[in-house]
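Below you will find the structure I want to go over with you.
Read-outs throughout are calculated quantities, based only on the coordinates presented, and are distinct from any laboratory measurement. On a predicted model such as this, the values are computed, not experimentally measured, just so you know. Cβ coordinates were reconstructed from backbone atoms using ideal geometry, including for glycine residues, and neighbour counts include every protein chain displayed.
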Amino acid sequence: MGTDKAQLIIDEESLIQRAVTTLTQVSPSVTIVGRSSDDPRAKVAPDVYANWGALGGVHAALTACESDWAFVMACDLPFISEELIRYLAAERTNHEAVVVIQSDQRPQPLSAFYRVHPCLDIATELIDSGHRRPLNLLERVNTRWIPFTEIAHLKNSQNFFLNINTPEDYYEATQKAAAHKK
């Protein structure tokens, strides 16, 4: 991307502020992993395994979590909604993780629920053995895999997993946000 994605602006909020705004609608406690924040609504937790990628971020979130469950969300998914999070939360019963399979058939582990125990222990074990993918963790716990068809009825679902990785992605996201406001 060439810049700090968390500071990109959509609808007058940075991506990190959008994430915090969404998360505070469903939780009294929000923690940002691996970065400082000037947002008083969120605590900050350091990476335990610096530069370890997505699994390292999940591990840090689980380490910092003060409840039984953590909703882990990447800030570069600006259209995750309160409605989606509440839907996924309702699917946690008898599972250790809840993950959507996107419309392109890829799982989305960075907008998912993780039960802190056993997920934290397994994430540590995976990192110690050199793994970096959250999917390795999800394959080892009792995961509720939610097909996109189950969430397609939610408002703006077609944009939930629009991931901002390039300037083109950012442009598309700003256009979708502007269209959504109309």
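Calculate, for residue 12 and residue 101, the FRET efficiency according to 1/(1 + (r/R0)^6) with r their C-beta to C-beta distance and R0 35 Å; round to the nearest 0.05.
For R0 = 35 Å, the calculated efficiency reads 0.60.
Counting only helical runs of four or more DSSP H residues, what would the 222 nm mean residue ellipticity of the chain come to if each run contributes -39,500 (n - 2.57) and the total is spread over all its residues?
Details: 6 runs with 64 residues, N = 182.
Only helices count here, giving -10500 deg cm²/dmol.
Here is a further query. Fewest to most neighbouring Cβ within 10 Å: what's the order for 33, 116, 44, 100?
44, 116, 33, 100
Give me the Kirkwood hydrodynamic radius of the range 1-74 in Å, from all C-alpha pairs, to one decimal place?
With all distinct Cα pairs of the range 1-74 included, I get 12.9 Å.
For the range 5-181, with the dipole built from +1 on Lys and Arg beta-carbon atoms and -1 on Asp and Glu ones, taken about the Cα centre, which of 52, 146, 129 lies farthest toward the positive end?
146
To the nearest 20 debye, what charge dipole does the chain have about its Cα centre, counting +1 at the Cβ of each Lys and Arg and -1 at the Cβ of each Asp and Glu?
Dipole magnitude for the chain comes out near 260 debye.
Report relative contact order for the range 1-43 in percent, whole number only (criteria: Cα-Cα under 8 Å, sequence separation at least 6).
26 percent
Roughly how many Å is it from the Cα centre of the range 46-70 to that of the range 4-29, as a whole number?
A separation of 18 Å, based on Cα centres.
For the range 73-140, place one equal point scatterer on every Cα, skip the solvent, and apply the Debye formula. What is log10 of I(q)/I(0) at q = 0.18, 0.25 Å⁻¹?
-0.73, -1.22
How high is the relative contact order of the range 1-124, in percent, counting Cα pairs under 8 Å that sit 6 or more residues apart?
23 percent
While we're here: List, in order, the whole-Hz ³J(HN,Hα) value for each residue of the range 115-124 obtained from phi through the Karplus relation with A = 6.51, B = -1.76, C = 1.60 and θ = phi - 60°; use x for Gly and Pro.
Ordered by residue, 3J(HN,Hα) equals 6, 3, 10, x, 4, 5, 4, 5, 4, 4 Hz.
Also, quick follow-up: Taking neighbour Cβ counts within 10 Å as the exposure measure, how do 169, 68 sort from fewest upward?
Fewest to most other Cβ atoms nearby, the residues stand as 68, 169.
Can you sort 181, 155, 176, 43 so the residue with the fewest Cβ neighbours within 10 Å comes first?
So the ranking, lowest neighbour count to highest, is 181, 155, 43, 176.
Keeping to pairs on different chains or 8 or more places apart, tell me how many lysine pairs in the chain have Cα atoms under 26 Å apart.
Lysine pair count for the chain: 8.
Pull up all non-local amide H partners of residue 45: gap of 5 or more, or a different chain, and H-to-H distance under 5 Å with H placed in the peptide plane.
The answer is 32, 33, 34, 35.
Continuing with this model, one more query. Can you tell which of 17, 64, 179 lies farthest toward the positive end of the dipole of the chain, using +1 and -1 charges on the Cβ of basic and acidic side chains (Lys, Arg; Asp, Glu)?
179
Give the Rg/Rh ratio for the range 5-181, taking Rg as the radius of gyration of the Cα atoms and Rh as the Kirkwood radius, to two decimals. Before the final figure, lay out each step's value.
On the way: Rg = 15.4 Å, Rh = 16.5 Å.
Ratio of gyration radius to Kirkwood radius: 0.94.
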